[in-house]
Amino acid sequence: MAVLISRRVLRCLESLSMLGRCHSSTRITFRAYHGFGGHLSGDCSFFPESWSFSKGGSSFLGYRRLSTSILTPESEEGDFPADLLSKKVLLAPERTIGLYQDLVVPVTNFHNDDKGFIVLAGDVFDVPIRKDIIHRVVRWQLAKRQQGTHSTKTISEVSGTGRKPWRQKGTGRARHGTLRGPQFRGGAIMHGPRPRSHAIKLNKKVRRLGLKIALTARAAEGKLMVFENLEVPTQKTKNVVNYVKEMENTKKLLLVDGGPINEKLKLGTQNLHYVNVLPSIGLNVYSILLHDTLVMSRDAVNKIVERMHTPINR
């Protein structure tokens, strides 16, 4: 992983470029790009080949000739003075959300190993934020999941005799024809709830847009993490607890896998109320909003993008 450089390095690089020093009879030009957090890259001056890279919405362009050198802690002593290197994370400028730009995020695992990078589709993970769409989708989800099994008994269903309690006239009491009426104890319920569906209609494109907005919000907050896979060595709950503790500012965690859930992961998380596991087909807006951190496997990301790009059947 490239090492971030400080302002002191930038001043040294400017002086080097002004002096025009050469290394091995080849002129080396160093450029520092603030948009990528101040990473250092070098290039030679033959065979121009353009390339680009982006992280966090900010991008930089460079021109690579024969080779490109990246300074790392394992670099040789002659590459660059070790006392000028800094591992401090520099603040990158805020990214504008909703420009449909592809995002490049690192891929890791539960042990925080470097597994490369993955490109997140901009039309899925970088759409404009709309709270009204989120509200409509959540309302649709909560209404649809209601059982609707509430029921009361009418006068024809309540238990009791159909005999007239007393004669019509001569008793001084009000006239009645049955004791199963709503005015009697143990009688019927008038206009009570009946079994029904509470589901409301919501277009498929609105539901799909709501999921895209929820994913975009988590990616913009830096709360979307991509793992190579969700495999754990054992089913011990304490291991999962340690994994969650290593994640910064994580109170509730949602794990999303591409296929069937790993049995060891399922057993290791079933006693943790703040860790939930879902397959990619079950990922929904309400579950994303209930958890402050979203962890998806590489396979889950690919399946979600494929699902979002599938035409809607009408």
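Every read-out reported here was derived from the displayed coordinates using simple, explicitly stated rules and does not represent laboratory data. On a predicted model such as this, the values are computed, not experimentally measured, just so you know. Glycine gets a Cβ as well: all are built from the backbone with ideal geometry, and neighbour counts include every protein chain shown.
A few comments on the model shown:
- Qualifying trypsin sites (Lys or Arg not before Pro) in segment 134-197, where qualification requires a DSSP coil assignment and no more than 14 other C-beta atoms within 10 Å, comprise Arg145, Lys153, Arg163, Arg167, Lys169, Arg173, Arg175, Arg185, Arg196.
- Note on Leu267/Gln147: beta-carbon distance plugged into 1/(1 + (r/R0)^6) with R0 of 25 Å gives a FRET efficiency of 0.30.
- Here Lys264 is the anchor, and the lysines within straight C-alpha reach of less than 16 Å, apart from those fewer than 8 places off in the same chain, are Lys236, Lys238.
- Cα gyration tensor, segment 97-235 - rounded (a/c under 1.5), prolate or oblate: prolate
- Length released on extending from Lys131 to Thr237, taking residue separation times 0.36 nm less the Cα-Cα span: 34.5 nm
- Backbone phi angles across segment 231-245, fed through the Karplus curve with coefficients 6.51, -1.76 and 1.60 (θ = phi - 60°), yield HN-Hα couplings of 7, 10, x, 9, 9, 5, 5, 5, 5, 5, 4, 5, 4, 5, 5 Hz in residue order; Gly and Pro are listed as x.
- Residues with amide H under 5 Å from that of Leu253, placed H, sequence gap 5 or more: Val275, Asn276
- Relative contact order (%) - segment 160-273, alpha-carbon pairs under 8 angstrom, separation at least six: 17
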